[in-house]
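Contents: one structure, followed by commentary.
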Amino acid sequence: GAVVSQHPSRVICKSGTSVKIECRSLDFQATTMFWYRQFPKQSLMLMATSNEGSKATYEQGVEKDKFLINHASLTLSTLTVTSAHPEDSSFYICSASRPQDFYGYTFGSGTRLTVV
Amino acid sequence: GENVEQHPSTLSVQEGDSAVIKCTYSDSASNYFPWYKQELGKGPQLIIDIRSNVGEKKDQRIAVTLNKTAKHFSLHITETQPEDSAVYFCAASRGGSQGNLIFGKGTKLSVKP
């Protein structure tokens with residue numbers, strides 16, 4: 001079955017630094033990847049949608065200069081949280097869809113980001 | 001845009017009982033309705049899904065029903081077990097790369113042994 005690998009699973013960084021989260025589709029080509037943020041005891045909120053080779057589409061209220069998304073290949077998308085602040089601490093989850101499975105979405109295991 | 005409402009927010013049942021979680025959606029163009037189980041510190045896992053051309057789908061102890069006219073869909077878990085305890089999310093989408101998943105707020109299910 002489709003597998004999406006997300007790394008790291010946990011990261012602690014200092015305020016003002018940048019953190020990169022990777023999302024890889026291991027056994028399929030993901031034409032579209034979605035990035036979600038989830039605060040404790042809350043639902044998943046879509047941050048942005050990225051298509052391979054084009055700029056990501058950000059949801060309203062999500063700062064594109066702060067959350068840099070790169071989808072340079074059909075198997076890799078990255079989310080970089082720039083100049084992180086404590087309020088960016090959250091659980092970040094990626095999801096990938098593949099063209100041959102129109103209704104299919106596969107989720108990564110998530111990254112717990114803590115900014116101190 | 002799409003809005004998904006999910007109820008209840010918490011649900012406690014005795015082992016062996018059934019659990020039902022309900023969701024409503026607003027976008028009549030939505031055509032894909034998955035249900036996810038999320039355990040603490042992990043990503044969501046798809047447990048069952050249904051497409052708009054189907055009214056009901058069952059997989060062992062889990063079933064989902066869809067009423068397109070009323071724009072609501074429900075998750076039914078029978079013979080609940082303690083390992084069913086988790087947070088469950090419903091979602092709706094127009095499908096594929098044309099749409100993204102809009103999630104409900106989640107239901108924390110507790111199954112007491």
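The values are calculated or read from the model by the stated rules, or taken from the named source; none is laboratory data. Model, not experiment: these values are computed from the prediction. So basically every Cβ, Gly included, is an ideal-geometry build from the backbone, and we count neighbours across all protein chains shown. What goes into the accessible areas is simple: the full protein's heavy atoms, side chains included, and nothing from ligands, DNA or RNA. Shrake-Rupley method; radii C 1.70, N 1.55, O 1.52, S 1.80 Å.
Tell me, yes or no, whether the range B:61-78 has at least one residue that is within 10 Å of another protein chain (Cβ to nearest Cβ) and either at positive phi or modelled with pLDDT under 95 (or both). Looking for residues that are within 10 Å of another protein chain (Cβ to nearest Cβ) and either at positive phi or modelled with pLDDT under 95 (or both), one finds none in the range B:61-78, hence no. Once the range A:101-116 is narrowed to residues that are assigned to a strand (DSSP E or B), more than 11 Å from the chain's Cα centre (by Cα) and not charged (D, E, K, R), the residue that is farthest from the other protein chains (Cβ to nearest Cβ) is A:Val115. Listed conditions (1) surrounded by fewer than 18 Cβ atoms within 10 Å (Cβ to Cβ); (2) within 11 Å of chain A (Cβ to nearest Cβ) are all met by B:Gln14, apart from (2). Quick one: which of B:Leu75, B:Leu66, B:Leu46 is open to solvent by 60 Å² or more (accessible area, probe 1.4 Å) and not in a loop (DSSP other than H, G, I, E, B)? The unique qualifying residue is B:Leu46.
The condition of being closer than 29 Å to A:Ala48 by Cα, of a type in the set (A, V, I, L, M, F, W, C) and within 12 Å of chain A (Cβ to nearest Cβ) holds for only one of B:Val87, B:Val54, that being B:Val87. Taking the conditions (1) more than 14 Å from chain A (Cβ to nearest Cβ); (2) surrounded by 15 or more Cβ atoms within 10 Å (Cβ to Cβ); (3) not in a strand (DSSP E or B) in turn, B:Ser28 satisfies each one other than (2). Of all residues in the range A:51-107, those being crowded, with 17+ Cβ neighbours inside 10 Å and touching a residue at least 40 places away in the same chain (Cβ under 8 Å) number 20.
Here is a check on your reading of the model: is B:Gly99 within 11 Å of another protein chain (Cβ to nearest Cβ) and farther than 18 Å from A:Gly108 by Cα?
Considered against the rule, which asks whether it is within 11 Å of another protein chain (Cβ to nearest Cβ) and farther than 18 Å from A:Gly108 by Cα, B:Gly99 comes out as yes.
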